[in-house]
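The values are calculated or read from the model by the stated rules, or taken from the named source; none is laboratory data. Quick caveat, the model's predicted, so the values are computed rather than measured. Methodologically, a virtual Cβ is constructed for each residue, glycine included, from the backbone with ideal geometry; neighbour enumeration extends over all protein chains shown.
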Amino acid sequence: MKFIGQYIQSFIARFRSDVYLEDISTGTIASGGNLGLDSNNKIVKATEASGDITGVSITTDSGGGSKAEDTSGSADFSILGSNGVGVTNSGATITAVAVPAEIDHDSLSNFLAAEHVDWAGASAGTIHSTNIPTLNQSTTGNAATATNLTASTSTAVGLGTIELGHADDTTIARSASGTVTIEGKEVMTKDKKLHVVHASFQDNINTSAHFIPFNSTFEAAAITSVNVPIIMPVAGKLLKIHMKASSNHDTSSNTVTFKLYDVDNDEIWSTANSNVLGTKVIDGTARTALMEADFTDLSTSGASGTNAFAAGDLIGVTMENSVNIATNTNYLITMVFELDFNSY
């Protein structure tokens, strides 16, 4: 049977012998896979495809150079975990999970021993001083000082002030070298005994120096007068002279000069052996005011020398005006000394 041109067969066609196809185009089989052409373009039916996978390879973090590979037979591989990693499978699903109980944190990347300190243990670690906050207390003391409050007679204990009983009424403090105060009032010790000398006399004191009488009411011009000096049993200082006069001493800007004299204890009591230790100049005042000469400050105008004397010295004090008062005047004078009885 021979067809010329295109022939469309609407019914089932059966061929009892081989069928050959010529001029066959290459294409893709849409469905099925066992019908094809042999080398002579004859339609043939192939046996159902079957067989083994001939090669399997698995590449891991180890790289392709050491990949797991099997090229024959059954491809059997094992995927195993290690410390800290567990591997399970459910059917075709393989799951890798972390196992915390098996992880050694000391072997982890970036591990620092200082970040894992057991503070419950003794001498566990050291905290840097910059990481300690400022506490609401003094952190400058030390255990040795606290112990030495009762156990040591040689270690000094430094304190700012001491509060006895109540901070508002019994504060012991240091106001100067060797000086202790209670509520600002100086504590007198053996080297700081106050001694007060009173004197009174009547005279017309002019511009000549007169010794203030320590032993009577009659002033004198020389330290050799028996009414003038006193013997100081210990070393000390003249602190202040307080004077009240019955007449005005501020006339013509009058100033009053006081001088502290001594005769050393190993010298003859004479005018020639008398020395000026210190000088203090003050402004004269009206008779209503009290005049004070502070010998603890000899840095003021006209002042000079020292207010200190030695044990056994004969002491005398003179006064003079810069202008003539020209009137008979009554003088009341109180002198305050500080005496050192430490070696007495």
- Task: Could you please find all residues in segment 171-208 being acidic (Asp, Glu) and under 22 Å from residue 315 (Cβ atoms)?
- Result: 191, 203
- Within segment 47-82, count every residue that is surrounded by 10 or more Cβ atoms within 10 Å (Cβ to Cβ), modelled with pLDDT of 75 or more and assigned to a loop (DSSP other than H, G, I, E, B). 3
- Task: Name, by its number, the condition in (1) modelled with pLDDT of 95 or more; (2) in contact with a helix residue (DSSP H, G or I) (Cβ under 9 Å, 6 or more places away or on another chain) that does not hold for residue 273.
- Result: (2)
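Filter segment 244-293 down to residues that are in a strand (DSSP E or B) and of a type in the set (A, V, I, L, M, F, W, C), then give me how many there are.
11
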- Task: Output the qualifying pairs, or none if there are none: Cβ atoms under 6 angstrom, residues six or more apart or on different chains, first residue in segment 317-331 and farther than 18 Å from residue 213 by Cβ, second residue part of a strand (DSSP E or B).
- Result: 322/255
- Every residue from segment 103-121 that is under 17 Å from residue 84 (Cβ atoms) and in a helix (DSSP H, G or I): 105, 106, 107
- Taking the residues in segment 180-204 that are exposed (fewer than 13 other Cβ atoms within 10 Å of the Cβ) and of a type in the set (Val, Ile, Thr) as candidates, determine which candidate is nearest to the chain's Cα centre (by Cα). 187
- Taking only segment 209-229 into account, find how many residues are among the β-branched types (Val, Ile, Thr) and closer than 13 Å to residue 315 by Cβ. 3
